[in-house]
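Student: Take this structure, written in structure tokens, and hold onto it; I'll ask about it next.
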Amino acid sequence: MNTLLKTVTETSPLDKERWVYVKAKVEGNFESVLAEVVNPFVQQLQADNLLKNFIFKKDGENEELLAFFFHTSITTHQTRIKEEFIPALEAWAKRENIADGKAVDDVCDFFIFHYITQNHTPNVSEVLLSACSSVASQLVGAGEEWEIESAVEAGIPMHLTLMQSAGLSLDELFQYFDYKFGAQFALLDLDKSADGDASVWQKAFKKSLENNFQEQKANLVGYCEYILDMVEEGESFDEPWLNQWVEACQKGALVHLEMKEQDRLYPCDNNINYKGGPIPESTLEKWEQYEVYSDFINHQLLHGPDFVLVLYYTLRRSLETMTH
């Protein structure tokens, strides 16, 4: 499997480098556009040493759009991106009968990186977000149908290794995913409550999540233990994409620590509301600093709120079983 991510030191200097983005209408055809257009183009730019990093994400609430971000040069944007990538997107849209053959929705040749980091520390963000996009591109664009089950299977080790790299203990990992599940469930609660009695769907939904967990409990708990133990012992996984992600998480953690020591981290908003008990301020700070990357993983795996709830519930209950 080709690796889309190369570190900055492995690429040649780019003239007047910058981030540029292309926004495209894909109408939910994520696997197809990544496999047929995006991955081959990114791999070629990497091979030609014309790309430092690449990131893609769903565009906000709109499930129809994907935004592609290239850390490259003005020259590459004017030639390769405009003359090759955009026509390839349009040709793909015509073949797939998408958006009347006009997939490209917006193009910008100068853009602030903070747009996708939500004002988080750029040095850490570029490492983690680029690696996340690289891994997701390989998984989603592998040519197979990308089901929720596949996304959960990939999301478990990605989330665990990310938050483990932040220095969280086993108990703190449980508390974090307990918080994330509760926050996500509350968002869905607001939507469902508008349609009627919330208590009915709440009980039914949580029961279905618990039944699903109980059916696979031994395997899920064992999988989580295996992931955490392998990373703790510095062992390599059989999956190249997972080794790539672990390496990026550890690199991001080192950059994060260095910038913290230099007092260069963006300040936290202290807006985390966890109802499961008191949490030390230093731990809450880690949660807030890393939450944007945790959320980004879910965006990259290209499924909606139900997937996120299944993923967080699985992590929460598995870690609860390991710690209680």
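Student: Name every residue in region 18-39 that is part of a helix (DSSP H, G or I) and under 12 Å from residue 89 (Cβ atoms), in order of residue number. So that I can check it myself, show each step before the final result.
Tutor: Applying the first criterion (part of a helix (DSSP H, G or I)) to region 18-39 yields 30-39.
Hits for region 18-39 are 32, 33, 34, 36, 37, 38.
Student: Say whether the condition of being under 24 Å from residue 182 (Cα atoms) and in a helix (DSSP H, G or I) is met by at least one residue in region 246-266.
Tutor: As a first pass, look at region 246-266 and keep what is under 24 Å from residue 182 (Cα atoms): none.
Checked region 246-266: no residue is under 24 Å from residue 182 (Cα atoms) and in a helix (DSSP H, G or I).
Student: List pairs: first residue in region 191-213 and assigned by TED's automatic domain parsing to the domain that holds residue 314 and closer than 17 Å to residue 305 by Cα, second residue at pLDDT below 90 and of a type outside the set (D, E, K, R) anywhere in the structure, Cβ distance under 7 angstrom, at least six positions apart or on different chains.
Tutor: Here the result reads 192/198; 192/201, each pair linking region 191-213 to a residue that is at pLDDT below 90 and of a type outside the set (D, E, K, R).
Student: Moving to a separate point now. Residue under question is residue 196, and the condition is that it be modelled with pLDDT under 90, outside any helix (DSSP H, G or I) and over 18 Å from the mean Cα position of the chain (by Cα); does it hold?
Tutor: Considered against the rule, which asks whether it is modelled with pLDDT under 90, outside any helix (DSSP H, G or I) and over 18 Å from the mean Cα position of the chain (by Cα), residue 196 comes out as yes.
Student: Would you pick out the residues in region 164-185 that are of a type in the set (Gly, Ala, Ser), in a helix (DSSP H, G or I) and over 18 Å from the mean Cα position of the chain (by Cα)?
Tutor: Of region 164-185, the ones of a type in the set (Gly, Ala, Ser) are 165-167, 169, 182-183.
Restricting the remaining residues to those that are in a helix (DSSP H, G or I) gives 165, 182-183.
The answer is 182, and nothing else.
Student: Here is a follow-up. For region 29-59, which residues satisfy the criterion of being charged (D, E, K, R) and surrounded by fewer than 22 Cβ atoms within 10 Å (Cβ to Cβ)?
Tutor: Of everything in region 29-59, those that are charged (D, E, K, R) and surrounded by fewer than 22 Cβ atoms within 10 Å (Cβ to Cβ) turn out to be 31, 36, 48, 57, 58, 59.
Student: Given the residues 263, 306, which is the only one that is free of Cβ contacts under 8 Å to residues at least 24 places away in the same chain, farther than 25 Å from residue 131 by Cβ and surrounded by fewer than 20 Cβ atoms within 10 Å (Cβ to Cβ)? It would help to see each step written out before you state the result.
Tutor: Details: 306 fails: free of Cβ contacts under 8 Å to residues at least 24 places away in the same chain.
Exactly one of 263, 306 is free of Cβ contacts under 8 Å to residues at least 24 places away in the same chain, farther than 25 Å from residue 131 by Cβ and surrounded by fewer than 20 Cβ atoms within 10 Å (Cβ to Cβ), namely 263.
Student: Specify which of the listed residues (272, 279, 297, 227) is assigned to a loop (DSSP other than H, G, I, E, B), at negative phi, within 21 Å of the chain's Cα centre (by Cα) and not assigned by TED's automatic domain parsing to the domain that holds residue 57.
Tutor: Numbers: 279 fails: within 21 Å of the chain's Cα centre (by Cα); 297 fails: assigned to a loop (DSSP other than H, G, I, E, B); 227 fails: assigned to a loop (DSSP other than H, G, I, E, B).
272 is the lone residue from the list that is assigned to a loop (DSSP other than H, G, I, E, B), at negative phi, within 21 Å of the chain's Cα centre (by Cα) and not assigned by TED's automatic domain parsing to the domain that holds residue 57.
Student: From 4, 14, which residue is closer than 28 Å to residue 255 by Cα, in a loop (DSSP other than H, G, I, E, B), under 18 Å from the mean Cα position of the chain (by Cα) and modelled with pLDDT under 75? Give the steps one after another, and end with the answer.
Tutor: Working: 14 fails: under 18 Å from the mean Cα position of the chain (by Cα).
Just a single option satisfies the conditions, and that option is 4.
Residue-by-condition table, conditions (1) of a type in the set (A, V, I, L, M); (2) surrounded by fewer than 19 Cβ atoms within 10 Å (Cβ to Cβ):
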| site | (1), (2) |
| --- | --- |
| 255 | yes, yes |
| 271 | no, yes |
| 287 | no, no |
| 290 | no, no |
| 296 | no, no |
| 300 | no, no |
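Student: Another one. Restricting attention to region 78-90, does a residue exist that is under 19 Å from the mean Cα position of the chain (by Cα) and either surrounded by 18 or more Cβ atoms within 10 Å (Cβ to Cβ) or among the charged types (D, E, K, R) (or both)?
Tutor: Taking region 78-90 first, the residues under 19 Å from the mean Cα position of the chain (by Cα) are none.
Among the residues of region 78-90, not one is under 19 Å from the mean Cα position of the chain (by Cα) and either surrounded by 18 or more Cβ atoms within 10 Å (Cβ to Cβ) or among the charged types (D, E, K, R) (or both), which makes the answer no.
The values are calculated or read from the model by the stated rules, or taken from the named source; none is laboratory data. On a predicted model such as this, the values are computed, not experimentally measured, just so you know. Don't worry about glycine lacking a Cβ; one is built from the backbone with ideal geometry, like all the others, and counts go over all protein chains shown.
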